[in-house]
Each structure stands twice: as C-alpha cells, then as structure tokens.
Amino acid sequence: MYRRDFLGLSLAALATPTFAAPRPYTLSGAGATITYTFQLNGAPVKGTVPIDTANLTIDSANLAASTADVTADVRRARTGLIFATEALKSSSVLNAAAFPLARFQSTRIKLGPGGRLSEGAVVDGKLTLRGATRPVRFNASLFRPRGTKPGDFSTLNVKLSGQVNRRDFGATGYADLVDNTVAIAITAEIATTA
C-alpha cells in the first residue's frame, strides 16, 4: 500500500549537510498544473492552466522560511467547453490579452500542528491577476514522490488548494451565469537545482 512520506518531520530529523541549507527548486520534467472549478449556471465546470515558472526554496532547518514564486500564462487557460474557455479569457473576465500572466508569491508559511509542511499547513501569499494583487491562502502539502528512497529530497510533490473571489480581481463578466467563488488546486513536481 502506498504510504505518503510527508516532509515536515523527516526534514527536521534529516537536516544533514546535504540538506541543511535552503535549497532552490524549480519545475521538474513532469511540470505542474493549476486546476480551477467554478459554477456555470449551477453546474461545476473545471479547467486548467499550465504553470510556466516556479521558483521555490525549501529550508529544512526552518520550513516556515521556505518561499514560492509561481507564474502561469492565462492565455493558455482551458475548460472542456470552447465557449466557456473563450469567455474566460475575454476582457470582462481574465482579460488575457492585456494581462497574460498570473503570479503567486508566498508571504508566510504556517506549518501544520506537527511542524510539517502538510496536515494543516497553509501558505499565505499575494496573487496578481488582471493587474490586481490580493492576499490569498492555500492549504499545503509537500511530500516525496512514490517510490523514492528515504532521505532523497531531489524531487518533491507539492499540492495546494484554496479559493478566490473573482470579483476581487475585477473579473466580473457573466455574473448572471458564473458564481464569484473559484476553487483552485495546484499540483506540481519540483526538482532541486542545487
């Protein structure tokens, strides 16, 4: 049976010279995706935006000092419905032509009750969308991929989840059809660059 090896406790115990200092990470070959879900006329619609860049630093000696800076090109946003995809990128919603990039920058990491970057951890940050920057909060998990050896932190999996109110960013179009709350889930595989 697959057992997730969450990092928080492991990193505290394994702060060896090979992983004692903050380490930079970026996207691995597996890449990363933002999945968003919104209500369209009362029915849930899912879509995706691929992440372009992710610059992260994991500090094993002080996990709360870890950082993330992530960008995505909203011109590449997709849903399963072509009309919804085009409406999403229109000037009244994402305005992708004028504001092609969305950016998230972490400002604070609060560890879970066990001192881990999982099981109750949250990442606070600033999300810039349509040229507007607002505070956001994501639930966070960080763990080694299935099949990796204990102590091998060269590749890690990241999962974030939360929600935003699209009106906070001026994405007010189609208010009669689309709810304001948008759920966001981010999955990424990252690899150390050090």
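The values are calculated or read from the model by the stated rules, or taken from the named source; none is laboratory data. On a predicted model such as this, the values are computed, not experimentally measured, just so you know. Quick reminder, even Gly has a Cβ in these numbers, built from the backbone with ideal geometry, and neighbours come from all protein chains shown. In case anyone asks, the SASA skips ligands and DNA or RNA and just uses the protein heavy atoms, side chains included. Shrake-Rupley method; radii C 1.70, N 1.55, O 1.52, S 1.80 Å.
Considering the stretch 82-106, and only residues there that are open to solvent by 40 Å² or more (accessible area, probe 1.4 Å) and part of a helix (DSSP H, G or I), the residue that is farthest from residue 173 (Cα to Cα) turns out to be 82.
Just one residue in the set 32, 64, 54 is at pLDDT below 95, closer than 19 Å to residue 194 by Cβ and open to solvent by less than 60 Å² (accessible area, probe 1.4 Å); that residue is 54.
A Cβ distance below 8 Å, combined with a sequence gap of six or more or placement on separate chains, defines the contacts here; from the stretch 157-175, residues that are in contact (Cβ under 8 Å) with a residue 24 or more places away in the chain and open to solvent by less than 30 Å² (accessible area, probe 1.4 Å) reach residues that are in a helix (DSSP H, G or I) and small (Gly, Ala, Ser) in the pairs 173/87.
Among the conditions (1) in contact (Cβ under 8 Å) with a residue 12 or more places away in the chain; (2) among the basic types (Lys, Arg); (3) open to solvent by 30 Å² or more (accessible area, probe 1.4 Å), the only one that residue 149 does not satisfy is (1).
All of 69, 59, 73 fail the test of being open to solvent by 30 Å² or more (accessible area, probe 1.4 Å) and under 30 Å from residue 154 (Cβ atoms), apart from 69.
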